[in-house]
1. To check my understanding: the extent here is largest minus smallest coordinate of the Cα atoms along each principal axis. What are those three numbers for region 1-74, in Å, largest first?
2. So which lysines can LYS107 reach, going by Cα to Cα under 20 Å and dropping same-chain residues fewer than 8 places off?
3. Within region 145-170, whose backbone N sits under 18 Å from a point 7 Å along Cα→Cβ of HIS101?
4. Quick one: grab the alpha carbon gyration tensor of region 5-166, order the square roots of its eigenvalues as a ≥ b ≥ c, and give me rounded if a/c is under 1.5, else prolate or oblate depending on whether a/b is larger than b/c.
5. Which shape class, rounded, prolate or oblate, goes with region 110-170 when its Cα gyration tensor gives a ≥ b ≥ c as root eigenvalues, a/c under 1.5 marks rounded, and past that a/b bigger than b/c marks prolate?
6. Residues of region 40-69 with the amide nitrogen closer than 18 Å to a label point 7 Å from the Cα of SER34, along Cα-to-Cβ, please.
7. Apply 1/(1 + (r/R0)^6) to the Cβ-Cβ distance of ALA161 and LEU50, taking R0 = 35 Å, and write down the FRET efficiency to the nearest 0.05.
8. Output ³J(HN,Hα) for region 52-62: one whole-Hz value per residue in order, computed from phi by the Karplus curve 6.51 cos²θ - 1.76 cosθ + 1.60 with θ = phi - 60°, and x for Gly and Pro.
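Bear in mind that the values in this text are calculations on the coordinates, not laboratory data. This is a predicted model, so every value here is computed, not measured. Note that we place each Cβ from the backbone using ideal geometry, even for glycine, and neighbour counts take in every protein chain shown.
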Amino acid sequence: MSLTHHEFWTLVHGMVFGAVFLLGFAGGLEGLWSLRPHLMTAEGIRGRALRLKIGTTAMAVAAWGTVLTGTWIVYPWYREDVPDSPRSVLLADPAKEQWHHFGMEWKEHIAWISPILATLVAFIVLYYGAGLILHERLRRTTLALFVLAFAIAAIAGILGALITKTAPLI
């Protein structure tokens, strides 16, 4: 099995950073959801806080890795000004041009919100740590921001997969 240069970076962008992102989200979601005083002992809270810090930080780092490799490595290949670039292929077919006009616009602009929110969540978790258990409103707000960061990235990932299926990078 061999990968072209474009395939390698597309794999790193979507699958490597995407997998770390999903794992970070799963760990962070579980940690934030269950960080409640009536569910834990003092020793359990310390262990949970460490896993929560690792999960949210991993998600933030992966989100930045995904967005930066997508923007500065993969996206320039997508929009090359040649007739067989994925962008040119999509725009040449009226039945496919919405993949560019909606899908890539989401990925180019709105997807940047995900790493910003993930970084905010990681900062809150690193700053408050186990103290989040004492601040129910902050914990819930952090949880909501965390889920929103994931949802935005999930939409971008799905659109990216569908766009790549419709007009692959060669």
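1. Ordered largest first, region 1-74 gives principal extents of 52, 26, 14 Å.
2. LYS96, LYS165
3. The answer is 163, 167, whose backbone nitrogens lie closer than 18 Å to the label point.
4. Details: a/c = 3.46, a/b = 2.68, b/c = 1.29.
Prolate.
5. Numbers: a/c = 4.63, a/b = 3.29, b/c = 1.41.
Prolate is the answer for region 110-170, as a/c is 1.5 or above and a/b outweighs b/c.
6. Of the residues in region 40-69, 40-57 have backbone N under 18 Å from the label point off SER34.
7. On the way: r = 33 Å, r/R0 = 0.95.
Efficiency computed from Cβ-Cβ geometry: 0.55.
8. Per-residue couplings from phi come out as 5, 4, 5, x, 6, 5, 4, 5, 5, 4, 5 Hz.
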